[in-house]
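Report on one structure; see the data block that follows.
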Amino acid sequence: MPDHSRGAQRASSRKIRSLLISIFAALVVVTGATASAPEAHAATRKVVIVVGPVGSATTSYRDSARQLASQARSYGASVKEIYSPYATWSRVHTAAVGANLLIYLGHGNGWPSTHYPYSTATKNGMGLNASYGNGNSNTKYYGQDYMRGLDLASHSVVMLNRLCYASGNNEWGAGNPTKSTAIKRVDNYGVGFIRAGAKAVYASGITDVAYVVRGLFRSSSATTLGKLFWADPARTGTYKLSFTAVRSTGATAIMDPYAPGRYYRSVIGFLDTTIGDWRAWG
């Protein structure tokens, strides 16, 4: 028989209030989790990592690439790795379709340089295996004409690591380039990738590029690709410079030499693009 006493009614009221408080708390937790989700990636990002042939140094380059691959996978990315001696153009071209992040480690062949003649078929791109499985010295250069044919995802990002020319630098032992030469190299090296859909091309000749991967997956979605450049632990800012691209209409570039003539860090592209845009598109 139901108890209609005042004490029972007060107890019943307390139970109802307790239940309502529990429901409200649960809703707050769910709402909070939903609100924070955009700070992660909206969908699985496709990452393609390529290592070209660099002779006896190839093992070291592959080790660097595998660390980047492991890092990207830890953030939930889908990662495809293509390493010398199996990094042929046909394999790279196929793998790059729809890539949100393309990372290349290997030899660079930029312009201006002492290696004449200038050719858009061989300059400002990747040094890949001329043939499949035939060692780490069978190099063929695929230039900006090939890079612009990469079917990258919209709002993609490209990272160029441990190569000459891309960040403005010279080849080892060749001294330091002039400022004007370094600027032209960064401008030229970006054009093919930007025309393939990249919003930014980061180049680092000697330092680690893990900060870019971490930033794309973990930084605030409001962070711009230009601001991300300054998240590098190797940044200095003492001799920084910026310029408007000549080869890529509307693009800008930032260079951060650690000393006069030491051009080993750069980024070029549409640097007001946000990390949120990178996460949402493609």
- Pull out the extension gain between residue 176 and residue 119, defined as 0.36 nm times the separation in residues minus the alpha carbon to alpha carbon distance; nm, one decimal. 18.2 nm
- Query: Can you list the aspartates and glutamates whose alpha carbon sits under 12 Å from that of residue 240, skipping same-chain ones fewer than 8 residues off?
  - Reply: 256
- Note on the stretch 57-210: alpha-carbon gyration tensor, axes a ≥ b ≥ c; rule is a/c under 1.5 for rounded, else prolate if a/b larger than b/c, else oblate; result rounded
- What's the extension gain from residue 130 to residue 78 if we count 0.36 nm per residue and subtract their Cα-Cα distance? 16.0 nm
- Query: So which lysines can residue 140 reach, going by Cα to Cα under 27 Å and dropping same-chain residues fewer than 8 places off?
  - Reply: 46, 80, 123, 184, 199
- Task: Please calculate how many Å² of accessible area the chain carries per residue, with a 1.4 Å probe and no DNA, RNA or ligand atoms counted.
- Result: 47 Å²
- Query: Rounded to the nearest 5, what is the percent of antiparallel bridges among the DSSP beta bridges in the chain?
  - Reply: 45 percent
- Message: With the crude spin-label approximation of a point 7 Å out along Cα→Cβ, what separation in nm comes out for residue 145 versus residue 43?
- Response: 3.4 nm
- Here the gain from full extension of residue 221 to residue 59, 0.36 nm per residue of separation minus their alpha-carbon distance, amounts to 54.8 nm
- Message: Using +1 at the C-beta of Lys and Arg and -1 at the C-beta of Asp and Glu, which of 194, 274, 55 has the Cα lying farthest in the positive direction of the dipole of the chain?
- Response: 274
- Item | Accessible area of the stretch 145-236 belonging to carbon and sulfur atoms, whole % at 1.4 Å probe | 47 percent
- Query: How much of the accessible area of the stretch 70-130, probe 1.4 Å, is carbon plus sulfur, in whole percent?
  - Reply: 56 percent
- Query: Which FRET efficiency value, to the nearest 0.05, is calculated for residue 97 and residue 71 with the Förster distance at 35 angstrom and r the Cβ-Cβ distance?
  - Reply: 0.95
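The values are calculated or read from the model by the stated rules, or taken from the named source; none is laboratory data. Quick caveat, the model's predicted, so the values are computed rather than measured. Here Cβ is always computed from backbone atoms with ideal geometry, including for glycine, and neighbour counts include all displayed protein chains. Side chains included, ligands, DNA and RNA excluded: accessible areas come from the protein's heavy atoms. Shrake-Rupley method; radii C 1.70, N 1.55, O 1.52, S 1.80 Å.
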